[in-house]
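S.K.: First the structure, which I've put down as structure tokens, then a few questions once you've had a look.
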Amino acid sequence: MQKNKLTLYIFIALVLGVVAGYFYNVYVINAINVKLHAAETSIKSIDKGLAGLTDSTTVAYRQLKSRRSAEVLIRNASDSLRDDKLEGFTILSDIFLRLIKMIVGPLVFTTLVVGVAKVGDVKAVGRIGGKTMLLFIGATFVSLLLGMLLVNFFEPGKAMHLSIPELHLGTGINKTALSLKEFIGHVFPRSFFEAMTNNEILQIVVFSLFFGIGTAAIGEKGEIVIKAMDAISHVILKITGYVMKFAPFAVFGAITAVVAKQGMGILSTYAVFLGEFYFSLLLLWTLIVVAVFFVLRKRVFVLLNHIKDAMLIAFSTSTSEAAYPKVLLELERFGCNNKIVSFVLPLGYSFNLVGSMMYLTFASLFLAQAFNMHLSLTQQITMLLVLMLTSKGVAGVPRAALVVIAGTMAMFNIPEAGLGLLIGIDPLMDMGRSATNVLGNAMATAVVSKWEGELQ
């Protein structure tokens, strides 16, 4: 009931944010926007004039340069003033993002250690883990690729026409992939505590796997560790619930800031973006069901019937974590062995969030389009491969995908200011991708159970 109330509060916050943003735009920000637009128009006009002058020593050239400097100062001052006026709203979403970062690392560590340790047999961990990871890597690649293809097909960001902030002018787009040394640094932790401090999720996952296997290997002594980690994971999930209570305030602040800054016209672009994203999710659902049909045959539809309530829970609460107990119960009722379910599901929450995966490429390239930044096919494939690494371990925590997108944007020099375009409507998109994550994890668990001969 509390979860349903939270979803209601988020929707109320969205509506109030739109209303507050509209009035704030009209009565506070609009005058600044007019001044900003006039300065930008003047700068473009001066740039054209400068382009027509070949001699930089003439009085006319120096006068134009002087005028341009004055207009840049006006533009920067207006931009800074607008940000100051919106700071009270943007700080709400900043607090929320920081709290989300605080939760993700410990949650991944505890749940994954428990999942790995419960399997018990180290050889079984290797065998089942190998099959599971092969499936997850394939599903991740397909999801990311589908998001990349569809966002290029729809091009929802083209209508935004946002100017790149002065800070990013002349920096260009990173055209190189991670070096081998950097890749190793992102995967293998030098220190567990350093990984937790810096929120290096992939490093935390690697340590968690080692820790879980080690716990399973010491037998009965490891039971104490498993119980402790299980208890800690429940504590962190409780903390997640507390943090989520702040979500409506973050949503209100984010959507108010976006509408106040851009005006009501931004909502029409959001409507298109949402429609195209949900169509893409529907296509992903179809691909998942068709692929699993070749393994489970007609039983795939029985499984869909079993998990429909869990998917509805995830959709209404915007978090796949909320559906976890229901999914586990329904998979066992479907005929999956508890040993397989306890191991594969926690891994899935770190490695197989297919809805979130598709969103990562879709949203990242949407922001590049919004700033009129052209990314070549090579750069987009590089982004896809980078996301395959950086996205691992985001868990089923709402809005954690924004953290991954922020990191990816920095790598490709896409202005981080673009995150403001996403966070306001992120709860609406999170509902769809959370339900998709549940579908993907349930299907993957059933497939691994079938491969292991543990499906009744």
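S.K.: Residues VAL243, VAL225: which one is out of contact with any strand residue (DSSP E or B) (no Cβ under 9 Å at 6 or more places or on another chain), among the aliphatic types (A, V, I, L, M) and modelled with pLDDT of 85 or more? Give the derivation first.
M.R.: Values: VAL243 fails: modelled with pLDDT of 85 or more.
One residue alone meets the criteria, VAL225.
Conditions (1) within 44 Å of the chain's Cα centre (by Cα); (2) closer than 18 Å to ALA260 by Cβ; (3) hydroxyl-bearing (Ser, Thr, Tyr), marked per residue:
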position: THR54; (1), (2), (3): no, no, yes
position: THR57; (1), (2), (3): no, no, yes
position: LEU64; (1), (2), (3): no, no, no
position: ALA70; (1), (2), (3): yes, no, no
position: ILE74; (1), (2), (3): yes, no, no
position: ASP84; (1), (2), (3): yes, yes, no
position: GLY88; (1), (2), (3): yes, yes, no
position: LEU92; (1), (2), (3): yes, yes, no
position: ILE100; (1), (2), (3): yes, no, no
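S.K.: Right, something else. Can you find a residue that is at pLDDT below 80, out of contact with any Gly (no Cβ under 7 Å at 6 or more places or on another chain), part of a helix (DSSP H, G or I) and under 30 Å from THR382 (Cα atoms) anywhere in region 186-199? Reasoning before the result, please.
M.R.: Filtering region 186-199 down to residues at pLDDT below 80 leaves 186-187, 198-199.
Next, from what is left, pick out any that are out of contact with any Gly (no Cβ under 7 Å at 6 or more places or on another chain): 186-187, 198.
Subsequent filtering for residues that are part of a helix (DSSP H, G or I) retains 186-187.
Applying the additional criterion that residues be under 30 Å from THR382 (Cα atoms) yields 186-187.
Yes - at least one qualifying residue is present in region 186-199.
S.K.: Considering region 201-242 alone, what residues qualify as being among the aromatic types (Phe, Trp, Tyr) and either in contact (Cβ under 8 Å) with a residue 12 or more places away in the chain or outside any helix (DSSP H, G or I) (or both)?
M.R.: First pass over region 201-242, keeping only residues among the aromatic types (Phe, Trp, Tyr): 207, 210-211, 242.
Hits for region 201-242 are PHE207, PHE211.
S.K.: So is ARG68 surrounded by 17 or more Cβ atoms within 10 Å (Cβ to Cβ), in a helix (DSSP H, G or I) and charged (D, E, K, R) or not?
M.R.: Answer is yes for this residue.
S.K.: Something else now. For ILE103, are the conditions met, namely being within 26 Å of GLU452 (Cα to Cα) and assigned to a helix (DSSP H, G or I)?
M.R.: On the way: within 26 Å of GLU452 (Cα to Cα): no; assigned to a helix (DSSP H, G or I): yes.
Here the answer is no, as ILE103 does not meet what is asked.
S.K.: If a residue counts only when it is modelled with pLDDT under 75 and closer than 25 Å to ALA250 by Cα, which helices (runs of 4 or more DSSP H) contained entirely in region 339-446 have at least 1 such residues? If you could, list the steps in order and put the result at the bottom.
M.R.: Details: elements: 354-370, 377-390, 400-411, 419-423.
The helices (runs of 4 or more DSSP H) meeting that bar are 377-390, 400-411, 419-423.
S.K.: Just to be sure I understand the filter: pairs with C-beta atoms under 7 Å, separated by 6 or more residues or on different chains, first member in region 243-260 and within 23 Å of LEU107 (Cα to Cα), second member of a type in the set (Phe, Trp, Tyr) and at pLDDT 80 or above. Which pairs pass?
M.R.: If the second residue must be of a type in the set (Phe, Trp, Tyr) and at pLDDT 80 or above, the pairs left are PRO248/TYR9.
S.K.: Are there any pairs with C-beta distances below 7 angstrom linking a residue in region 17-30 that is assigned to a helix (DSSP H, G or I) to a residue that is of a type in the set (D, E, K, R), with the two at least 6 apart or on different chains, and if so which?
M.R.: VAL28/LYS85; ILE29/ARG82; ILE29/LYS85; ILE29/LYS261
The values are calculated or read from the model by the stated rules, or taken from the named source; none is laboratory data. Fair warning: this is a prediction, and the values are worked out from it, not measured in the lab. So basically every Cβ, Gly included, is an ideal-geometry build from the backbone, and we count neighbours across all protein chains shown.
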